[in-house]
Amino acid sequence: MKILSVVGNRPQFIKSAPVSVALKEHGVEEVLLHTGQHYDRELSEVFFVELRLDSPARRLEAGSGTHAEQLARMLPGIEEAAREEKPDWVLVYGDTNSTLAGALAGAKAGFPVAHVEAGLRSFDLTMPEELNRMVVDRLSTLLFAPTKIAATNLQREGIVDGVRIVGDVMLDANLRLAPIARERSQALAELGIDPGGYFLATVHREANVREPALGNIVQALNTLEQPVVFPLHPRTAAAIEEQGHRLGGQVRPRPPLGYLDFAALASQARAILTDSGGLQKEAYWYEVPCITLRENTEWVETVETGWNRLVGTDPDRIVGATRETRVPQEHPPLYGDGRAADSIADLICTIDRQ
């Protein structure tokens, strides 16, 4: 059996790692295609070193740009790869433009698509990621839902065939790599910060790098009294410079971090402020409170258990949430048992293509 796996950004590299290992253990040949959606080395290439992944067999150079521009660069290359490789499945992850391009190209070339993280919904159609999810789920033959809620979302949309609840592959990676990160990383020592004595912030969503959202977020970060480690996505760094924002002295901007350094910082922060979907879950697994710089989330379970708080981009709400942050007493297991990748490999090998 042969799988064409399409990846292109930071979370997808992490998600693909345990799945690649599981596929190899099942004797499946995997052809990894890197779209180049994230072209910064610290957001892409370093993952193949740190996570000990095989280098991509195929590479595109999608780079930055609008939704339409990226799709236009990705689609021909992915379709060509599918026709040449003739895979049994085209495997896509998450909700990015790379995910959508992989599903569109695979379907157009006549190959069945399998979607990891199917069924996630924020119910915010202004988010490009939400539209990507909805289209990809309709193109997919096999839909790997991480939770019962995700499967229910699909059922409400009339999608029931091929849906399987498998747990979350990010948990698989987290369980394997987080202890290694804390042991190996020197990030806290290099920054002169102590466990529990700092905040970690990330901002990259399109809506949050425009005004007034970005200015409000910067204002809030500048107000916080403890150090704020702020790894800057290239898009965010460019927007801060273009819009003339100044970061306060306690805000410590950093270039994009390798996975191990980032995991070490995230797992030992007082709280995480982010607009990332994946980081909300990671915060939960690290048992670190999360303050989400959005009005909605795909991971509603983290809010329901009290570990995640939605505050949008209002400076007062952000600062207030940091002052009121507490570690909840309960931490129920969410998102599976850490064997989602094995379940995915089993299903791919046993389910008949339709």
Please list Glu330, Glu225 from largest to smallest accessible area, probe radius 1.4 Å, with all protein chains kept in place. Glu225, Glu330
Once both label points are put 7 Å beyond Cα along the C-beta direction, the His67-Glu190 separation in nm becomes 3.6 nm
In terms of the charge dipole of segment 294-346, which places +1 on Lys and Arg and -1 on Asp and Glu at the beta carbon, the residue among Gln329, Val300, Ser343 farthest towards the positive end is Gln329
Rounded, prolate or oblate for segment 98-239? Axes are the square roots of the Cα gyration tensor eigenvalues, ordered a ≥ b ≥ c, and the cut-off for rounded is a/c under 1.5. prolate
Could you give the accessible area per residue of segment 255-311, probe 1.4 Å, as a whole number in Å²? 24 Å²
If ligands, DNA and RNA are left out, what is the accessible area of Glu80 with a 1.4 Å probe, given in Å² to the nearest 10? 100 Å²
Quick check: with the 1.4 Å probe, what order do His233, His331 take by accessible area, largest first? His331, His233
Please give the FRET efficiency for Gln243 paired with Glu80, using the beta carbon to beta carbon distance and R0 = 30 Å, rounded to the nearest 0.05. 0.15
So if a site counts as exposed when it's one of the trypsin sites (Lys or Arg not before Pro), its DSSP state isn't H, G, I, E or B, and it has at most 16 other Cβ atoms within 10 Å, what's the longest stretch of the chain without one? 53-209
Virtual spin-label span in nm between Glu211 and Thr350, 7 Å along Cα→Cβ: 5.8 nm
Please compute the modelled spin-label separation between Gln329 and Ile180, points set 7 Å along Cα→Cβ, answer in nm with one decimal. 3.8 nm
Which loop GluC sites (Glu not before Pro) in segment 235-322, with loop taken from DSSP, have no more than 13 other Cβ atoms within 10 angstrom of their Cβ? Glu287, Glu295
For Leu23, what accessible area in Å² do you get when you roll a 1.4 Å probe over the heavy atoms of the protein chains, rounding to the nearest 10? 0 Å²
Just to confirm my numbers, what's the Cα centroid distance between segment 49-113 and segment 234-261 in Å? 29 Å
Across the chain, how many lysine pairs separated by 8 or more positions, or lying on different chains, have Cα atoms within less than 17 Å? 6
Once all protein chains are kept in place, Leu53 shows an accessible area at probe 1.4 Å, nearest 10 Å², of 30 Å²
Out of the total accessible area of the chain (probe 1.4 Å, heavy atoms of protein only), what percent is carbon and sulfur? 49 percent
Using a ≥ b ≥ c from the Cα gyration tensor of segment 256-354 (square roots of the eigenvalues), is it rounded, prolate or oblate, where a/c under 1.5 gives rounded and otherwise the larger of a/b and b/c decides, a/b for prolate? prolate
Counting only complete DSSP H runs, which helices of the chain cover 20 Å or more along their long axis at the Cα atoms and score a mean Kyte-Doolittle of 0.0 or above? 169-184
Mean-square fluctuation maximum in Gaussian network of the chain, Cα pairs under 10 Å, restricted to Pro332, Pro255, Pro112, hits Pro332
Relative contact order (%) - criterion: Cα under 8 Å, at least six apart; region: the chain: 16 percent
Choose one of Ala237, Ala266, Met134: the residue whose Cα lies farthest towards the positive end of the charge dipole of the chain (beta-carbon charges +1 Lys, Arg; -1 Asp, Glu; about the Cα centre). Ala237
Could you rank Cys349, Cys290 by how accessible they are, 1.4 Å probe, largest area first? Cys349, Cys290
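The values are calculated or read from the model by the stated rules, or taken from the named source; none is laboratory data. Everything quoted here is computed from the prediction, not taken from an experiment. Here the Cβ is made from the backbone with ideal geometry for all residues, glycine too, and neighbour counts use every protein chain on show. For accessibility, only protein heavy atoms count, side chains too; no ligands or nucleic acids. Shrake-Rupley method; radii C 1.70, N 1.55, O 1.52, S 1.80 Å.
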